[in-house]
1. Among the residues of segment 354-369, is any within 22 Å of residue 258 (Cβ to Cβ), assigned by TED's automatic domain parsing to the domain that holds residue 299 and assigned to a helix (DSSP H, G or I)?
2. Any residue that is assigned to a loop (DSSP other than H, G, I, E, B), assigned by TED's automatic domain parsing to the domain that holds residue 8 and in contact with a helix residue (DSSP H, G or I) (Cβ under 7 Å, 6 or more places away or on another chain) - is there at least one of those in segment 199-217?
3. Of (1) touching a helix residue (DSSP H, G or I) at 6+ places or on another chain (Cβ under 9 Å); (2) in contact (Cβ under 8 Å) with a residue 40 or more places away in the chain; (3) surrounded by 17 or more Cβ atoms within 10 Å (Cβ to Cβ), residue 260 satisfies all except one. Which?
4. Limited to segment 21-51, what total is found for residues that are in contact (Cβ under 8 Å) with a residue 60 or more places away in the chain, in contact with a strand residue (DSSP E or B) (Cβ under 9 Å, 6 or more places away or on another chain), more than 18 Å from residue 135 (Cα to Cα) and crowded, with 20+ Cβ neighbours inside 10 Å?
5. Which residues, taken from segment 1-19, are in contact with a strand residue (DSSP E or B) (Cβ under 7 Å, 6 or more places away or on another chain) and in a strand (DSSP E or B)?
Ligand code: FEO
């Protein structure tokens, strides 16, 4: 397989995971790539590597340029196995190669692979010279694991950003401008929502630290490489890290047993629309939770509904809320709703899961529940209830 030339003596030598559809629960409907980068300088340097089952693909791309046994050093920006599980095979080929990573990287790699490779510990701000070029390291803990770092080459003005700015997209194109900007931004947003969102404070620090860098290329470890559209992805990351949610957008998310909760969802959406707020309808039977998370990035209002079943809520709804809680979007306004026949436990459970500071911690609207099947008067009342609650909020 071919290497892709990014610059003179700088090559993309990663692997394309065309079949990937599940990244620990995240629906990756466009597949993904694991990007590795080869720099041919006095010291031949490999930045990151690939998932173990695509090792041969990476080696064949490296072999398109040089004999892989000539690699002198590896920069390992992240321990997670999508970027490191090719390392054990690679190190058999180049057992003396130095691996540059930070203390958490060394700890994590040793814990994963039980090998005492030739590690060189770097600290944030350290630089190494590989010949005509320098590589400067910036640790970025919790974007996405404690071991994350990014690597900057000042002579080339390239930031090898690992998970940051990545997207799960499998494609033959390597640069965003060869592809579709809108899809790359949408997938970057989905990636942020499902991987990076809980660490937004750290992202803010990284963006501050990266601000003085001159950037001509951002080369992430997944998906397409940013060149012409660097301002767009930096602006998007700034918005996402700053939790810019639109007060003009609501999500109505539900599952239903006999359509009563679904009828309530529609009446609630109507209430939002009547107050000039766009309401997006997300049935959990037809929408994947990882896609819903992408919408959560923009929406100020998060309404969640479930009928009562077995004194509790539907498992689809429970799974969504647990996922939502883990990704911890902040400063949202929540609403719990649902139908019931006798016990009516679903709405208090939803209220607690969405509103408790130890759970999602949303500011909650007054919950709404209905007995059995809501008739047209009840539905009208639900719409008016939402309108009235929103009016009160908007007045305050
Ligand atoms: Fe793409 Fe956190 O690994």
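1. So far as segment 354-369 goes, no, none of its residues is within 22 Å of residue 258 (Cβ to Cβ), assigned by TED's automatic domain parsing to the domain that holds residue 299 and assigned to a helix (DSSP H, G or I).
2. Within segment 199-217 (the criterion being assigned to a loop (DSSP other than H, G, I, E, B), assigned by TED's automatic domain parsing to the domain that holds residue 8 and in contact with a helix residue (DSSP H, G or I) (Cβ under 7 Å, 6 or more places away or on another chain)), the answer is yes, since at least one residue qualifies.
3. In the conditions (1) touching a helix residue (DSSP H, G or I) at 6+ places or on another chain (Cβ under 9 Å); (2) in contact (Cβ under 8 Å) with a residue 40 or more places away in the chain; (3) surrounded by 17 or more Cβ atoms within 10 Å (Cβ to Cβ), residue 260 misses (1) alone.
4. Residues flagged as in contact (Cβ under 8 Å) with a residue 60 or more places away in the chain, in contact with a strand residue (DSSP E or B) (Cβ under 9 Å, 6 or more places away or on another chain), more than 18 Å from residue 135 (Cα to Cα) and crowded, with 20+ Cβ neighbours inside 10 Å within segment 21-51 amount to 4.
5. Correct list: 4, 5, 6, 10, 11, 12, 15, 16, 17.
To keep it simple, each residue is scored yes or no on (1) surrounded by fewer than 19 Cβ atoms within 10 Å (Cβ to Cβ); (2) not in a loop (DSSP other than H, G, I, E, B).
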{"position": "159", "(1), (2)": "no, yes"}
{"position": "173", "(1), (2)": "yes, no"}
{"position": "185", "(1), (2)": "yes, yes"}
{"position": "190", "(1), (2)": "no, yes"}
{"position": "195", "(1), (2)": "no, yes"}
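The values are calculated or read from the model by the stated rules, or taken from the named source; none is laboratory data. On a predicted model such as this, the values are computed, not experimentally measured, just so you know. When we count neighbours, we look across all protein chains shown, and the Cβ atoms used for this are built from the backbone with ideal geometry, even at glycine.
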